[in-house]
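Scroll down for the structure; my scribbles are underneath it.
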Amino acid sequence: MFFCAVFTAFTAILVTLALSKVPFLEPVSDSVMDWDFTDLAHNEGSKNQEEIDDRIVLVNISEADVLDREGIALLLKEISRHQPKVIGLDVFFSNPQDYLKDSLLTQVISEIKDIVMVARYFPGKDSIEMSHPMFSSNMKQGLANLEYDRQGTIRKIINRGAYQEDTFRSFASEVVKYYDSEAASEFNERNLEWEWINYQGNTSSFLTLDYFDTSFSVVKDKIVLVGYLGKEIEIGKSIREGIPHKYYTPLKTLWYNKQLPDMYGVVIHANAIKMILDRKYVHSRWFIDEISNMVLIVMAVVLFYFLLQKFTRRYNILARALSLTIIGLVIGMSVFFFKTFHLKIELSFTVLVLLFLPDCLEFYATYFTPAYDRFSNTIRSWLKYSVIVILFSPYILSLVFGYELIANADDPTFRIIFFLISFLWLLAYSTGVVVYGVKKHFEKEGRGFENKNIN
C-alpha cells in the first residue's frame, strides 16, 4: 500500500503541474490558484461589518485638474486646523511645477507636526523613491509598496526595508505610531518583510470626505488619510470605474474573472491600519502550507485506496463524490482557520491535485501494477526506492525554495532538472503501459478490479 500511495500522490502532483502549464488550460488553473479560499472569509467579513470605523477618515483629493498643489495645500491646512492625531499623505510630488503653488505646499507640509508621507522601496536596486526634496525633506516617510500575486491581486504590504544603514517601516505602521504607539511597536516586532493584509471593507467601512466638504471637524483626534478616491465619492464608491490608483483585492465579488479593480490604494492602506490597530494580523508560514498540502494529499490517497479495495465496481462514482467532499472540507477548513485564528493556509494546490487523484489511482491499478509484477525482485526493489526519492524531491525542493519557485522557476537550470525528472517519470509510465499491453496481447488475460492485487 505504501508504494501505491507514493506512486499515486506523485502522479497526481505531476499531472497537476503539467496541465497547469498547458496554454489553453492555464487561465483556468491560474484562476483556481489565484482564488485564495480566505477570500470567502474576507467577503463574508466585509458584508457582515455594519459599523463604520470612525478612527480612520479618508479624504479625497480628486484629480489634478480639479485640485492642484495649491488646492492640496489649502486642504491640508484646513484638516490640520481641526487637530487630527496624524495625517497620512498618500500622494507623490515627483517634480517641481508652479513655483508659487509648490512653495505654498512646502510651507503647509512643514508646519504640520504629525504628518507621514509615502515612499517606494526597491529591494533589488537598494534604493528608495521619495517625493521631491523640497516637499519631503525632514518629513517622516513610510513605505507604500503593495505586493501583487500572480494574477495582480494586492494581498500584502511591505513592513520594512533597509536603506543606507536605516530601516524604513510601512506607511501604515508609521501612521499608527502617532495614534497608538504600542500597536505599532507590536506590529513591528513581528519583523516580517511583507505582511498579509486582513481586509475588512472598502470605502463604505470608513468615514469618507471629499475635498469640497465643510465638515472637517470630524477629523479631531483621528487618523486622516489623504489620497485619491476618484473624481467624486458617491455612497462610498467612486463614480468612475477602472481608473488609475485602483487595484484588485480579495474583496472582488467574482473570483473567476477580473471585472474591474475594486479598491483604491489609500483604502488598502486604511485596511492595513485597521488591522494593526485591532491587532488582527494574518499568520502565515510557508512550511505550514507545505506540510498541510503533503499530509492532506497522502490522507486522500489512503482514503481512495480503501475505497478501491472495498467498492471496486462503484469506484468511479464514489471516488468523484469523495473527491468533491474532501475539496469542500479543505475549503471549509481553510476558511475556518482564517476566521477563527487568522491563520492563512494555502491549499489551492491540494484542491487541484484532488481532482486528479481518483484517475491516478485507477491508472496505477489498471496499468502499472500488472507491468510492475513482471519485474524481478532486484529491479522492483530498486524501482520502489527510486520512486520514493523522485516523489519526495518536489517536496524537498519546496521546503527549501517554496512551491512558487518550483511552479514558476526563472532559473533555466532548475527548470531543466525539474522537467528532466518529469520526463523520466513519464518514460517509466510509458514503459509500464507497453509491457502491460504486450502481456495482455499474448496471454489473452482479461483483468478487472476484482482480480487486482494492489501493492
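Read-outs: derived from the displayed coordinates by stated rules, not from any lab. Computed from a prediction, not measured in an experiment: that's the story for all the values here. Note that we place each Cβ from the backbone using ideal geometry, even for glycine, and neighbour counts take in every protein chain shown.
Cut-off is 10 Å between beta-carbons; in what order do K274, K252 appear when sorted fewest neighbours first?
The most exposed by this proxy come first: K252, K274.
Under 5 Å between amide H atoms, partner at least 5 residues away or on a different chain: which partners does Y163 have, H built in plane at 1.01 Å?
It is F168, by chain and number.
Taking a threshold of 19 Å on the Cα-Cα distance, which of the pairs K85/K231; K85/K140; K77/K222; K222/K344; K246/K280 fall above it?
Pairs exceeding the cut-off: K85/K231; K222/K344; K246/K280.
Given labels modelled 7 Å from the Cα in the Cβ direction, how far is it in nm from T312 to R81?
8.7 nm
Using the scaling law 2.2 N^0.38 Å as the reference, what is the normalised Cα Rg of the range 41-278?
Relative to the rule-of-thumb radius for its length, the range 41-278 sits at 0.97.
Work out from phi, with θ = phi - 60° and the Karplus expression 6.51 cos²θ - 1.76 cosθ + 1.60, the ³J(HN,Hα) of each residue of the range 313-319, listed in order in whole Hz, and give x for Gly and Pro.
Along the range 313-319, the couplings run 6, 10, 4, 4, 5, 5, 5 Hz.
Treat each spin label as a single point 7 Å out from the Cα along the C-beta direction, and report the R320 to S137 distance in nm.
Output for this residue pair reads 7.2 nm.
Give the long-range amide H neighbours of Y264: residues separated by 5 or more places, or on another chain, with amide H under 5 Å away, using H modelled in the peptide plane at 1.01 Å from N.
Here Y247 satisfy the definition.
Computed FRET efficiency, Cβ-Cβ of S217 and E186, R0 25 Å: what is it to the nearest 0.05?
Calculated transfer efficiency: 0.20.
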